[in-house]
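Coordinate-derived values only; no laboratory data. Remember, it's a predicted structure, so these values are computed and weren't measured experimentally. As a convention, Cβ positions derive from the backbone with ideal geometry for all residues, glycine included, and neighbour counts pool all protein chains shown.
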Amino acid sequence: MNKYAGISLFDDLLAEPLNRLVEQAMDEGRVPVGYTCSYVPETLLSAGKLFPVRLRAPGIAGTELADTYMSNVICSYTKSLLEFALGGAYDRLGGVVFTANCDHMRRLMDNLEYLRKPAFSHTLDVPHKRGGPALEWFTEELKMLADKMSGHFGVSASGADLAAAIRSRNAFADAIRAIGDLRKQEPPLITGGEFHRVMIASLVSPKDLLLPLVEDFHRKAVERGGVGPYRARIMVAGGELDDLSFIDVIESQGGLVVADRFCTGSLPALDPVSETGDPLRAIAQHTLGKVLCPRMMEEFDEREEAIRKTAHEYSADGVIVQAIKFCDTWGVEGSTLTSALRSAGVPVLRLEREYRHGSEGQLRTRVQAFIESMGK
Amino acid sequence: MNNIRPSAADYLKHAKYFIHILFSFTMLAARRGPISLLRDMRRYPWLFILLRAPLLMGRLAAGRTGLYREANELLISFIVKQMIDVLVRTLKRDDTFILHQEMVPPEISTAMGLSVWPAELLSILLPLLDSHAAEAYIDRSENEGIPPDICSHVKMTLGIVLSGEMPPASVIVSSNLPCDGNMTGYEITRRKNNAKIFRLDIPFNFYNNRAVEYFAGELKRMIAWLEENTPGRMDWERLRQICEERNRMAEKEIELWEMISARPAPMAAEPVYLGHLWAFNADPGNPAATRFFHRIADMTRRNLESGVRAVPNERFRAVLWNPPLLHFSELFRWAEEAYGITLVIDSMTYNSQPLIDTSTPDTMLRDLGKIIMQGPMARHTRGPAENYIDDIFRIYHRFNLDMVWVAGHIGCKNTMALNQMLREACREKGVPLLIIEYDLSDQRICSHEGIIRQIDHFMQNVMKVNRNGEDPPDPRRGREGKDFTTIHYAYRSEE
């Protein structure tokens, strides 16, 4: 497949937990706020001088210290974050916002607060279901976070300021989505590896500083005209995935990743936030409305249907359901989801992986076999 | 070594409770009818395991004497009798039958005239009766694609469902407690049963009025949903009676806690923790459960007043944190004999919010909500770490303890990720801590021998004692030189 030479700019942004654009913004007096879960609304962390940075642990070599505190049966994403935090990698953040989304994330928060005591930290209690009362609850949760941020950082995270942040967020999401839509074409104009570099970079960089790079990438991707030969169109679903080498390995076997429905992916994350009505309520509605994670108790059928529809929309030949080992929600849901998708005639490969890149040979073999099983 | 031998009176009482158990089994046959019962036994092979209850009673009674021994016998006969009542209701499977997740206490559904089957009941009871009972169900779950690292208690329940051995229900009530694995597993149960389901959402931080009101609202929505989807109708007067009965039982339990705070303890181990586990989770508000607690409290008082210790050679007092070691039901009896360790209380028993204000429907729902949110296990697996760690020290001091045992169930990731914080807190406070690494339901992960060895190491290296002066200790030998670690195999072969 043809690769866009300028993609190395995005690789550079993904090589460090706090990249050069973050440093540039901090030099300008802005404050990065870390977060750990896609149920933390980025828009709220974009108030005033604040900007959101999704916590990652790029290049992590081991989690020896975190293993001591969190045990060896905990998801390696949360342990990698703890390991990096203990090494001081996030010390320059203005604060961290967690969610009580899953057992592992909650215990990361407990251990991080115990061992490192961030200057500002907050845990959002995201309901496990949708509907009126849950929406009211979560809107109040966001209000409490907004008030706490106002008090701590001296920023306004309400009213017109927040409405402006929503508009700005939507405009940026449109720019990324336009790139993502290039994957729908036959042949696609970008690879999955390229798109997800852009996508993950958008989660870890100040969006205004990243936007020129995104627009430049879009322009050049269109000019390039296709990614060259591939064997099958693949959709990737599942949990947290910010290691691009995982997608690169899939694509190295001819499986072009054309669609995503995973935690750090673009669908449904880039759907617009409503620009009318109470901004906090709109953000709450957008966050709870995402059909994404099995931590939401009542949405299995919707999640399964969303995967099928997305696969159809992007003409995916098969779906890879991936999850980090020890993830309870995706671990249990994976078995049900795999059966349900297969019953609906969708080819599925279920993969368990670690947060850090590894077992490449096994991954290649499984992907090769999957593509061959689809007759591609 | 405990040199006290059971008296003739002890044996007579044992025979009495044995007859009680046989009578309960006979009642099951009579109430179901022999043909139906045979069909049930074919469809639900675990019914055969329930027949081993007298053996469990024998294991718990052995090496104990007096009222402590009798309390254990009473406990098993009580559980069998109540289980038979639940079974008869369940096996009928009329349209009032619903499936409840274990963390959804049944008071409300019972008040609605519904017949509740706690889905996880078998996953608690069967490993207690047969230490290998979980294995086939766990394997079934894993063969269906449930990852091996998921809690074995969850996997066993799902294995029963997937094997078609869970009584089928068209209506289910579950929640996001106690852990992600259990919560997510209910989708499998729902699909297998093609059932309608209501899921209760319990907030993360629940020690505030906002959470109490939100959750009371959830309970109201659950009632409305059950009225819509079952023949059940809310009877607030019935709920008041159930709550008041539950309060009476809780008051007796509080009395019991006061008495076992004394050193040496007049009552311990199974009558305290297993009695609570059954009475408060499977059948709260049942007068029979209250009577059981009355009798246990009465036996305890008699021991206290006459200066009789439950464990004659009590040297150390322990709390057990996390659910009890299900497949090793004789562990505490062994610990009593080997080291004079008295298990005074456990984390699943101690409740900081035991009583319900029955003045209005709203007060009842709010307090039932608090019991669910702030009850044992729930308050340790939701909320921040201090819910878990501070509780340990609160109980340590309240019950005048010498050591903390944590049942470090490998599948409970929630608590595994707190163990180092707990170690450091215990070290700072000078509290001896043993974390037993094992699996709750599956002894293939850590055998009984492995568990005993961990305890031996702790007692020798931290508490600086050998087994009652025996030196060197032999991790395989129990009372009277029996090879303790193979006792359960002997029971199996006798059967």
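Quick notes
- FRET efficiency, 1/(1 + (r/R0)^6) with R0 25 Å, evaluated for residue A:68 and residue B:461 via beta carbons: 0.80
- For chain A, the direction-averaged projected area of the alpha-carbon convex hull comes to 17.0 nm².
- Computed over chain B, the P(r) curve from all C-alpha pair distances, binned at 20 Å from the origin, holds 23, 61, 16, 0 percent per bin.
- In degrees, nearest ten, helix B:8-32 long axis to first principal axis of chain B (Cα): 20 degrees
- Secondary-structure-derived ellipticity at 222 nm for chain B, considering helices only, amounts to -18000 deg cm²/dmol, per-run term -39500 (n - 2.57) for DSSP H runs with n ≥ 4.
- Among beta bridges that DSSP assigns inside chain B, antiparallel share in %, nearest 5: 5 percent
- Between the range B:146-188 and the range B:217-284, the alpha-carbon center distance in angstrom: 23 Å
- Cα centroid separation, the range A:122-182 to the range B:380-459 (Å): 39 Å
- For a straight C-alpha distance cut-off of 25 angstrom, the lysines reachable from residue B:464 (same-chain residues fewer than eight places away being disregarded) are B:429, B:482.
- Value of Rg/Rh across the range B:372-477 [Cα atoms, Kirkwood radius]: 1.00
- Summed side-chain charge close to residue A:112 - residues other than residue A:112 whose Cβ falls under 13 Å, Lys, Arg +1, Asp, Glu -1: +1
- Share antiparallel - DSSP beta bridges, chain A, percent rounded to 5: 0 percent
- Listed by chain and number, the aspartates and glutamates placed with their C-alpha closer than 12 angstrom to that of residue B:81 are B:283; residues fewer than eight positions away on the same chain are left out.
- When every Cα-Cα distance of the range B:308-408 is counted in 10 angstrom steps from zero, the calculated P(r) takes the values 14, 38, 29, 15, 4, 0 percent.
- Relative to the longest principal axis of the Cα atoms of chain B, the long axis of helix B:180-193 makes an angle of roughly 50 degrees.
- The angle separating the long axis of helix B:361-374 from the principal Cα axis of greatest extent in chain B is about 40 degrees.
- Separation of the residue B:48 and residue A:144 label points, Cα + 7 Å toward Cβ, nm: 5.3 nm
- Calculated translational diffusion coefficient of the protein assembly as shown (20 °C, 1.002 mPa s; Stokes-Einstein with Kirkwood radius over alpha-carbon pairs) equals 74 µm²/s.
- Local electrostatic count at residue A:18 - Lys and Arg +1, Asp and Glu -1, tallied over other residues with Cβ under 15 Å: -2
- Computed [θ] at 222 nm, helices only, for chain A once each DSSP H run of length n ≥ 4 contributes -39500 (n - 2.57): -16000 deg cm²/dmol
- Semi-axes of the equivalent ellipsoid for the range B:1-92, computed as √(5λ) from the eigenvalues of its C-alpha gyration tensor and ordered from largest down, come to 30, 12, 10 Å.
- With the simple model of a label 7 Å out from the Cα in the direction of the Cβ, residue A:181 to residue B:228 spans 3.8 nm.
- Across the range A:318-376 the C-alpha pair distances fall into 10 Å bins from zero in the proportions 22, 49, 28, 1 percent.
- In straight-distance terms, cross-link reach from residue B:155 covers every one of the lysines whose alpha-carbon lies under 17 Å from its own, apart from those fewer than eight places away in the same chain; here that gives A:325, B:192, B:413.
- Values of log10 I(q)/I(0), in the order q = 0.16, 0.19 Å⁻¹, for the range A:227-342 under a Debye, Cα-only, solvent-free model: -0.79, -1.04
- The ranking of B:140, A:169 by Cβ neighbour count inside 10 Å, starting from the fewest, reads B:140, A:169.
- Equivalent ellipsoid semi-axes - Cα gyration tensor, the range A:17-132, angstrom: 22, 20, 11
- Measuring nothing but how far apart in sequence close Cα pairs (under 8 Å, 6+ apart) lie, relative to its length, chain A scores a relative contact order of 20 percent.
- For the range B:327-376, size of Cβ-based charge dipole, Lys and Arg +1, Asp and Glu -1, in debye: 140 debye
- If a spin label sat at a point 7 angstrom from the Cα of residue A:271 along the line to its beta carbon, the backbone N atoms of the range A:179-197 nearer than 19 Å would be those of A:179-181.
- Inter-site label distance for residue B:263 and residue A:20 at 7 Å from Cα along Cβ, in nm: 6.6 nm
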